[in-house]
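The values are calculated or read from the model by the stated rules, or taken from the named source; none is laboratory data. None of these values were measured; they are calculated from a predicted model. Heads up, the Cβs are rebuilt from the backbone with ideal geometry, glycines too, and the neighbour counts pull from every protein chain shown.
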């Protein structure tokens with residue numbers, strides 16, 4: 001579990017940096033740079049899609065070269081470079097370049113990092129390992145939002161100062177990777193240059209990937225949740241809501257991973273998708289006259305959804321994929337999740353502008369409930 005803890009520490013530090021900036025980027029774009037919700041959707045959608053397309057390439061490199069640690073370091077370093085653009089952003093185009101570089105780094109590192117976790121643990125404890133990693137990752141998110149709140153309290157809306165401070169934990173996260181070790185290949189069937197064919201994947205895995213794609217098409221960027229919350233609260237309250245979400249996510253990730261080891265991935269994933277659908281329906285009904293406690297409940301439940309699905313999906317992919325194509329399968333999964341963000345975010349921004357936020361979140365809620373039913377059907381025989 002040493003690798004899992006070290007990779008979790010790197011993710012913790014990186015998420016401190018990311019979450020110091022991510023929740024204020026929508027506010028920075030709209031209130032400071034004068035961008036529109038459609039521009040926000042374009043930025044987040046393209047940035048996440050870049051990450052998605054790179055993930056499949058990273059998965060192939062993992063299966064062919066086994067240099068997972070090197071790819072992981074390159075990915076985290078690229079994200080540091082992307083964050084360095086934000087302090088100098090005077091137009092939303094510069095923010096777009098920074099976000100694209102940051103997500104490019106995420107695309108490079110995600111699959112080799114997840115492969116390191118999968119190959120450093122046994123299958124019967126894999127859900128727990130991914131849950132622990134997600135819990136540490138989200139602990140960083142909690143700290144990052146807390147630090148952003150402290151800095152905002154000291155300097156008002158000095159977003160540039162927050163962007164600069166975020167570089168410190170990002171750099172430290174890369175340094176920690178020096179102590180990560182490549183896991184032993186003993187007992188793993190190695191093919192030097194495995195040829196990938198879609199038909200080589202197990203039928204159940206292919207069906208589940210289609211469910212994930214369907215869900216992703218309704219899963220727009222979290223930036224829209226923050227923008228929606230800003231209509232009912234000020235900047236500090238929005239950050240506190242996002243902090244609450246991350247605390248909920250952090251607390252539930254590890255128990256959800258262990259729960260999936262015991263009762264099966266299907267139960268946990270279907271529950272998570274259902275919660276997502278209900279939360280988005282709740283956001284679609286939110287209005288200026290809604291009780292002030294409703295957004296807090298919605299963000300708490302949204303954190304439970306994230307904890308129930310993020311690590312558990314990856315554990316399921318690792319369970320179902322052939323050993324020699326595990327990196328590729330993780331890459332395809334990551335690509336499917338990311339590619340869906342572009343059309344989902346573009347649609348969300350377009351619906352917001354022509355019909356209001358209710359339509360944006362209504363569509364997302366429906367897709368979440370459909371995905372819950374789909375996961376229940378395709379995972380009937382897999383614990």
Neighbours by Cβ (under 6 Å, 6+ apart or cross-chain): first from the stretch 80-106, in contact (Cβ under 8 Å) with a residue 60 or more places away in the chain and on the phi < 0 side of the Ramachandran plot; second outside any helix (DSSP H, G or I) and crowded, with 20+ Cβ neighbours inside 10 Å = 83/166; 92/35; 95/89
Failed item in (1) under 25 Å from residue 263 (Cβ atoms); (2) in contact (Cβ under 8 Å) with a residue 60 or more places away in the chain; (3) buried (at least 24 other Cβ atoms within 10 Å of the Cβ); (4) under 14 Å from the mean Cα position of the chain (by Cα), with residue 310 passing the rest = (3)
note = For residue 144, the lone unmet condition from (1) surrounded by fewer than 22 Cβ atoms within 10 Å (Cβ to Cβ); (2) modelled with pLDDT of 90 or more is (1)
task = Of the numbered conditions (1) assigned to a helix (DSSP H, G or I); (2) at pLDDT below 90, residue 288 fails exactly one; give the number of that condition.
result = (1)
remark   = Given (1) within 17 Å of the chain's Cα centre (by Cα); (2) modelled with pLDDT under 85, residue 315 misses just (2)
query = How many residues are within 30 Å of residue 58 (Cα to Cα) and either buried (at least 24 other Cβ atoms within 10 Å of the Cβ) or modelled with pLDDT under 80 (or both) when one looks only at the stretch 350-367?
reply = 1
query = Do you know which residues across the stretch 57-73 are closer than 14 Å to residue 335 by Cα and surrounded by 22 or more Cβ atoms within 10 Å (Cβ to Cβ)?
reply = 58, 59
query = Which residue pairs have Cβ atoms closer than 7 Å, lie 6 or more positions apart in sequence or on different chains, and pair a first residue in the stretch 37-64 that is at positive phi and part of a helix (DSSP H, G or I) with a second residue that is surrounded by fewer than 22 Cβ atoms within 10 Å (Cβ to Cβ) and at pLDDT 80 or above?
reply = none
ask   = Has the stretch 319-326 got at least one residue that is more than 22 Å from residue 200 (Cα to Cα) and outside any loop (DSSP other than H, G, I, E, B)?
value = no
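When residues of the stretch 147-162 are filtered for being over 23 Å from residue 249 (Cβ atoms) and either touching a residue at least 24 places away in the same chain (Cβ under 8 Å) or surrounded by 20 or more Cβ atoms within 10 Å (Cβ to Cβ) (or both), how many remain? Spell out how you get there, then give the answer.
Within the stretch 147-162, the first condition is being over 23 Å from residue 249 (Cβ atoms), and the residues that meet it are 153-161.
Filter again for either touching a residue at least 24 places away in the same chain (Cβ under 8 Å) or surrounded by 20 or more Cβ atoms within 10 Å (Cβ to Cβ) (or both), leaving 153, 157, 159-160.
The qualifying residues number 4.
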Residue list for the stretch 237-269, restricted to those being surrounded by fewer than 20 Cβ atoms within 10 Å (Cβ to Cβ), within 17 Å of residue 314 (Cβ to Cβ) and touching a helix residue (DSSP H, G or I) at 6+ places or on another chain (Cβ under 8 Å) = 255, 258, 267
ask   = Where residues in the stretch 193-236 are over 22 Å from residue 359 (Cβ atoms) and in a loop (DSSP other than H, G, I, E, B), which of them is modelled with the lowest pLDDT?
value = 193
remark   = When residue 168 is run through (1) farther than 20 Å from residue 27 by Cβ; (2) crowded, with 18+ Cβ neighbours inside 10 Å, the failure sits at (2)
